[in-house]
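One structure below.
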Amino acid sequence: MENQVVSGSGLSRARLGRMKNVLGRYVEHGDVTGLVALVARHGEVHADGIGTVTPDGAPAGPDTIFRISSMTKPVAAVAAMILAEECAIRLDDPVDELMPELAGRRVLRHLHGPLDDTVPAARPILVSDLLTFTMGLGAIMVPPGTVAIDDALADPALGQGPPRPDAAAAPDEWLALLGRLPLACQPGSTWLYSLSADVLGVLISRAAGQPLEAFLRERLFGPLGMTDTGFSVPPRDIGRLATSRRLDPETGKPAVYDEAAGGQWSRPPAFPSAAGGLVSTMNDYFAFAQMLRERGRYGGGRILSRPSVELMTTDRLTAGQKAAGGLVPAFFDDHGWGFCQSVVTRRTGAKSAGTYGWDGGLGTVWHNDPAEDMTMILLTQQMWSSPVAPPVCEDFWTLAYQAIDD
């Protein structure tokens, strides 16, 4: 009786209860104020909302709106693949025609050198470079003042670092600013996080001939019923937006990063960030994840072809492109990178090889495991203090897999 299986899913009811209890302790201890956790397998969904997400005590639930930060990236990849399937863009084409600001690139002679010590790029930046994060520019992951190009990317108008919709310039101005900088390394040579996704967002908009959010709403959010997903929250729904928190670096205690009413997501941003700007709900993001798990199908229709989904969700990097390392030590020992998302390449923990997805540094995680036919989503609004996943996320993955009982 203890391991009674939920009908059809192969998940143990008792072990799912363990998940709720363990995650609940994170709320009780104040590590997060509230969270929503979902595990879906073989067409059955188990979800729990625990705790509260606003100062007035609104409970966490499936329609709570969360800032999903870098979970925006896979959404942008799907949008790009929609355009690729329509031949509005080609993955192996240079970006120059749509983005003349990035034509004729110069590349730093030495990564640690001055910005004016450059050589010509060996080849143009390709559309596929944006999807695989190999355009030659991104976070170097060093302390400020160490590398000149990394310091240049810290310009608030370029909007890198933790998402801040109020800071970045509008798309055309943003790309013009970026175009004045050299690349850190040759196009196609090295994986660097995560500037490529923001460049991809501008490319999508120009290829589609409409603002990025309008294209996403028309071609992706509408067909998937993702009515609460966008780059800002309208006034009528602001009461459902969770308060975003972070650890104060001086006190080590939780502090508000972004409030709901009057906060940075309460109005449309000048720059809709494809790297980290979206808000969404558990219900909405599950629809997106389910579409990918069904290899492009959703609700009797089709968003992408099966081959496109397979292309997106398999490792696209060479050993040389991984040589500079990932966001955390040894990341590429058992992970690769598809289009704007990670892919597990060998099983060293709970996740099966072939598991894909990505996390959001403002407190959210998502992965699909095709081998187990399983989707896992955890939404909080406690900002990560480093690229290493916090214990609540690590425990969530363990708890999801320990519930399998078939």
*Which of the residues spanning segment 57-84 are in contact (Cβ under 8 Å) with a residue 24 or more places away in the chain and small (G, A, S)?*
A58, A60, G61, S69, S70, A76, A77, A79, A80, A84
*Identify, from the list V233, V309, the residue that is among the β-branched types (V, I, T), closer than 20 Å to L362 by Cβ and either in contact (Cβ under 8 Å) with a residue 24 or more places away in the chain or assigned by TED's automatic domain parsing to the domain that holds Q381 (or both).*
V233
*Of all residues in segment 39-65, count the ones that are farther than 25 Å from Y257 by Cα, crowded, with 17+ Cβ neighbours inside 10 Å and not charged (D, E, K, R).*
3
*Within segment 6-20, which residues are buried (at least 18 other Cβ atoms within 10 Å of the Cβ), polar (S, T, N, Q) and not in a strand (DSSP E or B)?*
S9
*How many of the residues in segment 121-152 are assigned to a loop (DSSP other than H, G, I, E, B) and hydrophobic (A, V, I, L, M, F, W, C)?*
10
*asked:* Given the condition outside the structural domain of G320 (by TED's automatic domain parsing), modelled with pLDDT under 95 and over 26 Å from H335 (Cα atoms), answer yes or no: does some residue in segment 117-137 qualify?
replied: no
*Look through segment 207-230, keep the residues that are assigned to a helix (DSSP H, G or I) and within 17 Å of the chain's Cα centre (by Cα), and return whichever of them is farthest from A88 (Cα to Cα).*
F221
*Within segment 44-58, how many residues are outside any loop (DSSP other than H, G, I, E, B) and at pLDDT below 95?*
0
_segment 206-220: number of residues that are in contact (Cβ under 8 Å) with a residue 24 or more places away in the chain and in contact with a Gly (Cβ under 9 Å, 6 or more places away or on another chain)_ = 4
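Yes or no, residue by residue, for (1) surrounded by 22 or more Cβ atoms within 10 Å (Cβ to Cβ); (2) within 24 Å of R302 (Cβ to Cβ); (3) not hydrophobic (A, V, I, L, M, F, W, C):
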| site | (1), (2), (3) |
| --- | --- |
| S232 | no, no, yes |
| R236 | no, no, yes |
| T251 | no, no, yes |
| A255 | no, no, no |
| E259 | no, no, yes |
| A275 | yes, no, no |
| S280 | yes, yes, yes |
| F286 | yes, yes, no |
_Matching entry among S196, S189 (being of a type in the set (S, T, N, Q), in the same structural domain as E101 (by TED's automatic domain parsing) and not in a loop (DSSP other than H, G, I, E, B))_ = S196
*Confirm whether T348 is touching a Gly at 6+ places or on another chain (Cβ under 9 Å), of a type outside the set (A, V, I, L, M, F, W, C) and either assigned to a loop (DSSP other than H, G, I, E, B) or over 21 Å from L200 (Cβ atoms) (or both).*
no
*Could you check how many residues of segment 160-217 are within 23 Å of G113 (Cα to Cα), small (G, A, S) and buried (at least 17 other Cβ atoms within 10 Å of the Cβ)?*
5
_Whether any residue in segment 21-30 is basic (K, R) and surrounded by 14 or more Cβ atoms within 10 Å (Cβ to Cβ) is what I want to check._
no
*Could you please let me know if K322 is basic (K, R), crowded, with 22+ Cβ neighbours inside 10 Å and part of a loop (DSSP other than H, G, I, E, B)?*
no
*Only one of (1) within 22 Å of G360 (Cβ to Cβ); (2) not assigned by TED's automatic domain parsing to the domain that holds Q381 fails for A214. Which number is that?*
(1)
_In segment 238-249, residue surrounded by the most Cβ atoms within 10 Å (Cβ to Cβ) [restricted to those that are in a loop (DSSP other than H, G, I, E, B) and out of contact with any Asp or Glu (no Cβ under 9 Å at 6 or more places or on another chain)]_ = A242
*Does L247 meet the test of being assigned by TED's automatic domain parsing to the domain that holds R41, modelled with pLDDT under 95 and touching a Ser or Thr at 6+ places or on another chain (Cβ under 7 Å)?*
yes
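The values are calculated or read from the model by the stated rules, or taken from the named source; none is laboratory data. Quantities reported herein were computed from a predicted structural model and do not represent experimental measurements. Virtual Cβ from ideal backbone geometry, glycine too; neighbours counted across all protein chains shown.
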